2 protein chains.
Amino acid sequence: MKRPKKIRQEALVQSIKENPFVTDEELAAEFSVSVQTIRLDRLELSIPELRERIKHVAVKTFDDEVKSLPIDEVIGEIIDIELDERAISIFDVKPEHVFQRNQIARGHHLFAQANSLAVAVMNDELALTVKSELQFLKPVKAGQRLVAKAQVVDRNPEKNRAYVKVVSSVDQVTVFIGTFEMYRMTEQSEGDEE
Amino acid sequence: MKRPKKIRQEALVQSIKENPFVTDEELAAEFSVSVQTIRLDRLELSIPELRERIKHVAVKTFDDEVKSLPIDEVIGEIIDIELDERAISIFDVKPEHVFQRNQIARGHHLFAQANSLAVAVMNDELALTVKSELQFLKPVKAGQRLVAKAQVVDRNPEKNRAYVKVVSSVDQVTVFIGTFEMYRMTEQSEGDEE
DNA sequence: ACTCATATTAGTACCAAGTGCTAATAGCGG
DNA sequence: CCGCTATTAGCACTTGGTACTAATATGAGT
């Protein structure tokens with residue numbers, strides 16, 4: 001028993017990380033030590049008690065929820081919009097948006113910003129994307145700010161179509177171009193397709 | 001004081017929904033009643049105690065996290081893959097993926113599934129999307145299961161390019177087609193652009 | 001083998017935020 | 001004024017701890 005303490009404490013950290021909902025009693029059983037030992041371990045490792053752990057997790061969720069609701073409607077933040085004409089949004093690329101391996105933003109985030117901006121610029125109850133062509137010109141990295149500019153380039157009211165071009169750039173350099181053919185959903189046509 | 005009870009209980013429900021972290025004591029102060037009254041109210045309304053409320057929120061987060069971590073690398077779940085050849089993934093469309101207004105899945109989720117599958121099928125350390133063409137053929141609704149099939153259709157090793165076609169379907173019906181021109185990132189070329 | 005430090009266990013008092021129960025009191029409508 | 005609901009109070013008990021003290025192992029060095 002030279003270093004079973006260190007080993008146990010490492011396992012303890014791991015165990016609690018995997019399941020923060022475990023009580024000292026359960027941990028004591030798991031490691032075949034007394035509850036007091038577990039308490040001392042937590043003390044040394046500055047691991048808070050069960051209720052505090054749970055609360056932290058809960059607070060995080062709660063905050064996330066409140067935050068993600070508005071974010072959900074448009075990916076990025078709209079800073080200028082003229083309905084049916086053009087719109088601009090910004091999106092800050094954070095570590096969670098990139099490939100871990102090379103810090104390059106994953107394509108679907110660029111697409112999501114552009115596509116949701118294309119939806120937003122449409123002056124309709126709701127618009128759906130029908131077709132799209134994308135060009136990923138330069139890699140975007142974590143920490144950079146993506147500015148997407150959408151422009152309605154053409155309309156075809158009879159077919160309920162509009163065409164939107166979105167150009168995204170970082171520091172004035174174009175990194176992404178997308179064109180979107182949008183279907184304008186009108187009251188009567190809404191919900192009557194398969 | 002004919003119906004202040006009903007009114008108070010409605011306000012109580014609202015109050016706890018807004019802030020699940022509130023104690024009976026704080027609630028008692030808020031409504032100027034005794035702690036016991038609050039307890040009776042919770043009993044009648046089947047609102048669990050603070051710790052249980054917190055735990056529920058936390059469990060939800062925790063579950064979400066465990067789910068979203070692996071999902072982060074590939075959107076959807078890969079159920080079959082033959083590197084450099086083809087791959088299949090499934091993605092269950094949930095309420096959070098659709099427009100609230102008409103329950104139709106937002107385009108970037110279809111794109112994300114297809115694009116990340118295209119990345120996964122590449123037998124490289126990492127691949128980037130260069131160009132893409134998308135067709136959104138039919139709307140997809142919450143509750144449906146998207147099956148995406150990716151096929152590597154062409155290769156151009158000199159230019160580090162590969163072409164992937166992804167077809168997504170719901171119940172054997174094609175709802176989305178995407179073609180992706182992928183850049184194969186090799187060891188030496190990695191990180192030397194921009 | 002003895003000693004000393006560290007590790008572990010045990011036990012007590014106390015806390016928060018409750019549940020569960022009984023009992024007393026308030027308020028008001030008929 | 002009676003009766004009913006609503007409210008309040010009080011007490012014992014529960015969980016999952018903290019904080020602290022004290023006893024006991026255990027193991028390593030000399």
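The values are calculated or read from the model by the stated rules, or taken from the named source; none is laboratory data. No experiment lies behind these values; they were computed from the predicted model shown. Virtual Cβ from ideal backbone geometry, glycine too; neighbours counted across all protein chains shown. With ligands, DNA and RNA removed, areas are computed over all heavy atoms of the protein, side chains included. Shrake-Rupley method; radii C 1.70, N 1.55, O 1.52, S 1.80 Å.
Selection over segment A:22-46 of residues that are part of a loop (DSSP other than H, G, I, E, B) and more than 7 Å from DNA strand D (Cβ to nearest atom) gives a count of 5.
No other residue among B:Arg184, B:Arg145 is touching a residue at least 60 places away in the same chain (Cβ under 8 Å), on the phi < 0 side of the Ramachandran plot and charged (D, E, K, R) apart from B:Arg184.
Total residues in segment B:6-46 satisfying the condition of being more than 8 Å from DNA strand C (Cβ to nearest atom), without any contact (Cβ under 8 Å) to a residue 24 or more places away in the chain and open to solvent by 90 Å² or more (accessible area, probe 1.4 Å): the figure is 9. Cβ-Cβ distances below 7 Å connect the following pairs, each with a first residue in segment A:47-58 that is closer than 17 Å to A:Val35 by Cβ, a second residue that is within 15 Å of DNA strand C (Cβ to nearest atom) and open to solvent by 70 Å² or more (accessible area, probe 1.4 Å), and a separation of six or more residues or different chains: A:Arg51/B:Arg51. Here is the figure for segment B:135-169: residues that are part of a strand (DSSP E or B), closer than 12 Å to B:Gln113 by Cβ and among the hydrophobic types (A, V, I, L, M, F, W, C) total 6.
Matching residues to (1) within 10 Å of another protein chain (Cβ to nearest Cβ); (2) at pLDDT 95 or above:
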residue: A:Arg101; (1), (2): yes, no
residue: A:Leu126; (1), (2): yes, no
residue: A:Asn160; (1), (2): no, no
residue: A:Ser169; (1), (2): no, yes
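So for segment B:55-73 (the condition being modelled with pLDDT of 85 or more, of a type in the set (D, E, K, R) and either open to solvent by 90 Å² or more (accessible area, probe 1.4 Å) or within 16 Å of DNA strand D (Cβ to nearest atom) (or both)), does at least one residue qualify? Yes - at least one qualifying residue is present in segment B:55-73.
For A:Thr174, all conditions in the list (1) among the hydroxyl-bearing types (Ser, Thr, Tyr); (2) touching a residue at least 40 places away in the same chain (Cβ under 8 Å); (3) over 21 Å from B:Leu137 (Cα atoms) hold save one; what is the number of the exception? It is condition (2) that A:Thr174 fails.
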